[in-house]
Structure formats: C-alpha cells, structure tokens
Amino acid sequence: MDPELLERITARRAKLDELEEQLAKQPAEVRAERDELAVAEKVLERMSEQLAEERAALAPTPGQVGGRAVMMVPHRAPDVEETALPPDYQRILTAVRQAAAPVTARQVGEVLGVDVSVRSKLEPLRGQSVRLVDRGWLRKQPDGRFTTRLSHHGSYCPWAVLSGRNRVASGGRWKCVTKSEEHTEDTCPLVYQCRLSLSTRTVNHLADLLRRPLKAIRSRWRILPPGKIAVIVLAVLRHDQRLADMADGNNVSESTVRRWRDEVITLLAARAPRLDRASEKITRQGGKVVLIDGTLVHIRRCTGKADRKNYSGKHRRHGLHFLALTDERGRTVRISAARPGRTHDITAARHDRILACLRAAGLGALADLGFRGLDNDVLDPVIVTGFHANRTHKLTPGKKEANRILAVGRVPVEYSFAHLENWRILSKLRADPVRATRLLRALLVLTNLEVNR
C-alpha cells in the first residue's frame, strides 16, 4: 500500500476526531452562555427596580415645617400647570398677571389685602415672589419689579436676549409699540444667537470643575446642568453679556447667573499656579529664561480722593497694576495680585520677591527698563533689562543692538497680555483689588486652556 496515501488518511482521521470534539463542546458552551444571559437579565431587572426606587425617593415631596406639611413650589415645565402651585402662589401669579405693568412686592400685597406697612408681613410675600422667579413662573426686572413670563416652551439660547415691548398682532406679524399707554397682553423676549469662540475642551473642563463641589456637598440637582452653566458663564466672561439678558434667555433669575459667575471665578482662581511652583515647573520642563512685564488694566473711575492712588501717570488713566510672568513662548504662568495703578513695576517685583524666587529656581529673566535696578548683581545677574540712555550718555551701536535683541526676545510677553484682553469682562473692571485679582487669575486658567490645547 502506498505510504503517502496512508499518511493522508491518518491526517484526515485526526481532523475528523478534532472536529467531533469541538462539536461535542459547543452544546456545553451554548448552555453556559444561556445561563450567563439569564443571570445578566435578572441583575438588570434588579438594577432597574433600584433605580426606580431611587428616583421615587428623589422626587419632590412636601416638606415638614413645625409638624405641618408644606407644599414645595414646582419648577415650570411643559407638563406642569399653574394648578400645581399652592393657593398663595397662585394668587400672587394672578395678581402679577392682572397688573397693567411690572409691579413691586408692595403693590402685590396691596392687591392681595396684605398690610404692607408691616415689614414682617411684606417680606414673606417678597420671598414667595422671588421663589416664583427662581422656579421660572415670574421674571424679576433689574429694578426689582416682577412680571410674568411667556407660556411657550421653546428652547432658549444660552447667549443673550434682547427684550422689548413687542407683541404679536393678528396674522402672526410683529407689531412694535413705541409710544402708547396701552399695555401689551404678553411680552416676548427676542433671543439672538452669538458665536462663543472657545473650544469644547474648555467647556468640558469647566463643567467637570462644577460637578466636583456638587458631589462634595451631595447636591442632587440644579436648575440647569453643569455644561449649560459653563456655557452661560463663559459667555459672560468672554463677551461681557449682561446678567439680566443671560437670565432671561435661559429662564433663570439674574441672581442665579451672578452666583454661577462668582462660583466659577472662585473655582478657577484657586487653580492658578503660585510663583514658586510655576518657577519649579518651568525648570523641570527644561526652561532657562522667563519673561517679566507689568500691565495696567483699565477700571471705572471712582470719585473721591481714595481713587487717586489708582491713577497711572505713565498711561494717564485709572487702573490696577498687574505683574505677569511668562515662559519663552509667551504662555502666562503667573499673575500677581492687583495693586494701585500708580505702582511701579520694580516696586511690585520687590513686593513679590521675584528675584529671590528666580534665583532659587535657577532661572534668568528678560525685562524692560522699568525693572532696571532690581538686580544689582553685576557678576551673576538674574534679570536682564538692557541699557538706558540720557542726555549726556548716548548709547553706542553695540548697546543699541543689544536693546534691539532684548526687545525681540520680549515680544511673546505682549502676546500673553493680548490673550487676556480677549476676555471682554475686563472692560468693566471695578476698583476692588481682591475681586480683580480673583478674576484675572481665573481668566489666566481659561486662557492657558485655550492657548495650550
């Protein structure tokens, strides 16, 4: 018999035996997988029941005050009617709606028969009106008066709102009321969209930053999700949108938007790097030189002698002085505290002890002539400022060339100031140095997120 043929028969028999073993194993594997699916289905059903119980537990329930049940005011939603409000709140809503114009809490109290001359009876009514504003049933104007909102349930733009005395005439056209004593039955805020020139990475970072304190305090909800709050606050900081407009466009109160803005600024300012840590980070990354420069941020002038210290004779305007430290590429790594506008650059540097910090980190610095005299070490200077000319001592061609090279090396620090000036909220800065310092450091963190992406 041919040995090659026998070898082929043997190999084929071995393959058939292997196939038979695989077919014998498959039913067992199928049964095992079915058992796993059954277990997974039971676990999923149990998790669904637990989630349903948790949602039922988190649903708003009447609170207990002094042993009595107090009905919570629900948020305004498409499926929530006015009848869901407690009777006291329904009467307030009716009184505001029937008024010929926006009304104050005192006027609402007079309609409801409350003794408005007694403060202890007027303040609870004011608190109920504010609660209706927070829940979206009423709208509070900047002057403190209350008015009703529209009954539509359209989506709001997180940018800005332009409100006007407009109403819808018959046929669906807009009719503008300019000079008329006639009261419009229902006002409609005109919402316009605006592009926010920021990256999604910045919005996500800010949203995550807002979620952390919510988890820490175990807060169950907010009127808007953290992502939308981040967009609203970034629009306020980037485009300097009015808080009242942002509130109207997102169906929240002005005080809520102001609280969000202050909360975000505080969280971001806490993440701003300190001088020593920023210097050590540059050293670890292999940097050898940093750039130092001072700038004046314009503020609104206040009356009185107390504001004279904020006047800068160099810039001939009122402002607050800041000292910035950047790396060689112009990325700002540190912003000093706000000081009066008349503060000199070298004075601010001495107060911050920049020379000692840079010497300890082993870094050199390029600065303008405003820092001349800060480092008097001739043999081993840390801060290089260039040469100064006067009437009797003219600069030589070599010194002029050295100043030109130094100016070219200092160009990136001006870019860092330009990036900060893109935040238009700085155009309305007040004279409070504490708030200004917190705001600049918060904008520093946001700017680094945009520049270093």
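The values are calculated or read from the model by the stated rules, or taken from the named source; none is laboratory data. A quick note: this is a predicted structure, and the numbers were derived from the prediction, not measured. Here Cβ is always computed from backbone atoms with ideal geometry, including for glycine, and neighbour counts include all displayed protein chains. Side chains included, ligands, DNA and RNA excluded: accessible areas come from the protein's heavy atoms. Shrake-Rupley method; radii C 1.70, N 1.55, O 1.52, S 1.80 Å.
Here's a check for you: in region 319-331, which residue that is not in a strand (DSSP E or B) and not basic (Lys, Arg) is most open to solvent (accessible area, probe 1.4 Å)? Steps first, answer last, please.
Residues of region 319-331 not in a strand (DSSP E or B): 327-331.
Within this subset, residues satisfying the condition of being not basic (Lys, Arg) are 327-328, 330.
On the way: ASP327: 19, GLU328: 104, GLY330: 8 Å².
Out of the qualifying residues, it is GLU328.
Identify all residues within region 298-345 that are among the aliphatic types (A, V, I, L, M) and modelled with pLDDT of 85 or more; write none if there are none.
So the first thing to find is which residues in region 298-345 are among the aliphatic types (A, V, I, L, M), and the list is 299, 306, 320, 323-325, 333, 335, 337-338.
Hits for region 298-345 are LEU320, LEU323, ALA324, LEU325, VAL333, ILE335, ALA337, ALA338.
For region 299-317, give me each residue that is touching a residue at least 24 places away in the same chain (Cβ under 8 Å), open to solvent by less than 80 Å² (accessible area, probe 1.4 Å) and either more than 23 Å from ILE354 (Cα to Cα) or part of a helix (DSSP H, G or I) (or both).
Of everything in region 299-317, those that are touching a residue at least 24 places away in the same chain (Cβ under 8 Å), open to solvent by less than 80 Å² (accessible area, probe 1.4 Å) and either more than 23 Å from ILE354 (Cα to Cα) or part of a helix (DSSP H, G or I) (or both) turn out to be ILE299, CYS302, ASP307, ASN310, GLY313.
For region 92-111: of the residues being under 37 Å from the mean Cα position of the chain (by Cα) and among the charged types (D, E, K, R), which is nearest to PRO74 (Cα to Cα)?
Here the answer is ARG97.
Kindly check whether there is at least one residue in region 332-343 that is assigned to a loop (DSSP other than H, G, I, E, B) and open to solvent by less than 10 Å² (accessible area, probe 1.4 Å). Walk me through how you get there before you give the answer.
From region 332-343, those assigned to a loop (DSSP other than H, G, I, E, B) are 336-338, 341-343; that's our starting set.
Add one more test, that the residue is open to solvent by less than 10 Å² (accessible area, probe 1.4 Å), and what stays is 336, 341.
Checked against the condition, which is being assigned to a loop (DSSP other than H, G, I, E, B) and open to solvent by less than 10 Å² (accessible area, probe 1.4 Å), region 332-343 yields at least one hit.
From SER219, SER253, which residue is modelled with pLDDT under 85, over 24 Å from LEU440 (Cβ atoms) and of a type outside the set (Phe, Trp, Tyr)? Give the steps one after another, and end with the answer.
Numbers: SER253 fails: modelled with pLDDT under 85.
After ruling out the rest, the residue left standing is SER219.
Report, by residue number, each residue of region 100-119 that is touching a residue at least 12 places away in the same chain (Cβ under 8 Å), in a loop (DSSP other than H, G, I, E, B) and open to solvent by less than 70 Å² (accessible area, probe 1.4 Å).
Residues of region 100-119 that are touching a residue at least 12 places away in the same chain (Cβ under 8 Å), as a first pass: 100-106, 108-109, 111-112.
Still in the list and also in a loop (DSSP other than H, G, I, E, B): 100-102, 104.
ALA101, PRO102, THR104 - these are the residues of region 100-119 that are touching a residue at least 12 places away in the same chain (Cβ under 8 Å), in a loop (DSSP other than H, G, I, E, B) and open to solvent by less than 70 Å² (accessible area, probe 1.4 Å).
Give me the residue from region 390-402 that is assigned to a loop (DSSP other than H, G, I, E, B) and either modelled with pLDDT of 85 or more or touching a Cys at 6+ places or on another chain (Cβ under 6 Å) (or both) and, out of that set, surrounded by the most Cβ atoms within 10 Å (Cβ to Cβ). Talk me through it step by step, then tell me what you get.
Step one: filter region 390-402 for residues assigned to a loop (DSSP other than H, G, I, E, B), giving 390-396.
Remaining after also requiring either modelled with pLDDT of 85 or more or touching a Cys at 6+ places or on another chain (Cβ under 6 Å) (or both): 394-396.
On the way: LYS394: 9, LEU395: 15, THR396: 11.
Applying the filter and picking the extreme gives LEU395.
Can you tell me which of LEU267, LEU209 is open to solvent by 40 Å² or more (accessible area, probe 1.4 Å), of a type outside the set (Asp, Glu) and in contact with a helix residue (DSSP H, G or I) (Cβ under 6 Å, 6 or more places away or on another chain)?
Values: LEU209 fails: open to solvent by 40 Å² or more (accessible area, probe 1.4 Å).
Exactly one residue qualifies, and that residue is LEU267.
Report yes if GLY386 is more than 14 Å from LYS288 (Cα to Cα), among the small types (Gly, Ala, Ser) and assigned to a loop (DSSP other than H, G, I, E, B), otherwise no. Please lay out each step first, then the result.
Working: more than 14 Å from LYS288 (Cα to Cα): yes; among the small types (Gly, Ala, Ser): yes; assigned to a loop (DSSP other than H, G, I, E, B): yes.
Criteria met by GLY386.
Within the bounds of region 203-215, is there any residue that is in contact (Cβ under 8 Å) with a residue 24 or more places away in the chain and either assigned to a loop (DSSP other than H, G, I, E, B) or of a type in the set (D, E, K, R) (or both)?
Scanning region 203-215 turns up no residue that is in contact (Cβ under 8 Å) with a residue 24 or more places away in the chain and either assigned to a loop (DSSP other than H, G, I, E, B) or of a type in the set (D, E, K, R) (or both).
Just a yes or no: is a residue in region 63-74 under 30 Å from SER253 (Cα atoms), modelled with pLDDT of 80 or more and surrounded by 10 or more Cβ atoms within 10 Å (Cβ to Cβ)? Break it down stepwise before answering.
Residues of region 63-74 that are under 30 Å from SER253 (Cα atoms), as a first pass: 63-66, 68-74.
Those left that are additionally modelled with pLDDT of 80 or more: 73-74.
This time we only want the ones that are surrounded by 10 or more Cβ atoms within 10 Å (Cβ to Cβ), so: 73-74.
Among the residues of region 63-74, at least one is under 30 Å from SER253 (Cα atoms), modelled with pLDDT of 80 or more and surrounded by 10 or more Cβ atoms within 10 Å (Cβ to Cβ), which makes the answer yes.
Can LEU420 be described as more than 30 Å from ARG300 (Cβ to Cβ) and among the aliphatic types (A, V, I, L, M)? Reasoning before the result, please.
Working: more than 30 Å from ARG300 (Cβ to Cβ): no; among the aliphatic types (A, V, I, L, M): yes.
Criteria not met by LEU420.
Report yes if LEU426 is farther than 14 Å from LEU325 by Cβ, open to solvent by less than 40 Å² (accessible area, probe 1.4 Å) and part of a helix (DSSP H, G or I), otherwise no. Spell out how you get there, then give the answer.
On the way: farther than 14 Å from LEU325 by Cβ: yes; open to solvent by less than 40 Å² (accessible area, probe 1.4 Å): yes; part of a helix (DSSP H, G or I): yes.
Here the answer is yes, as LEU426 does meet what is asked.
Which of the residues spanning region 421-433 are more than 18 Å from HIS205 (Cβ to Cβ) and either in contact (Cβ under 8 Å) with a residue 60 or more places away in the chain or in contact with a His (Cβ under 8 Å, 6 or more places away or on another chain) (or both)?
To start, the set of residues in region 421-433 that are more than 18 Å from HIS205 (Cβ to Cβ) comprises 421, 424-433.
Across region 421-433, the qualifying residues are ARG424, ILE425, LEU426, SER427, LYS428, LEU429, ARG430, ALA431, PRO433.
I'm checking my understanding of the structure. Among residues of region 349-387 that are over 23 Å from HIS321 (Cα atoms) and without any contact (Cβ under 8 Å) to a residue 24 or more places away in the chain, which one is most open to solvent (accessible area, probe 1.4 Å)?
Only one residue tops the list, namely LEU379.
Can you name the residue in region 190-202 that is among the β-branched types (Val, Ile, Thr) and open to solvent by 30 Å² or more (accessible area, probe 1.4 Å) and, of all such residues, is farthest from the chain's Cα centre (by Cα)? Steps first, answer last, please.
Step one: list which residues in region 190-202 are among the β-branched types (Val, Ile, Thr), which gives 191, 200, 202.
Filter again for open to solvent by 30 Å² or more (accessible area, probe 1.4 Å), leaving 191, 200.
On the way: VAL191: 21, THR200: 13 Å.
Out of the qualifying residues, it is VAL191.
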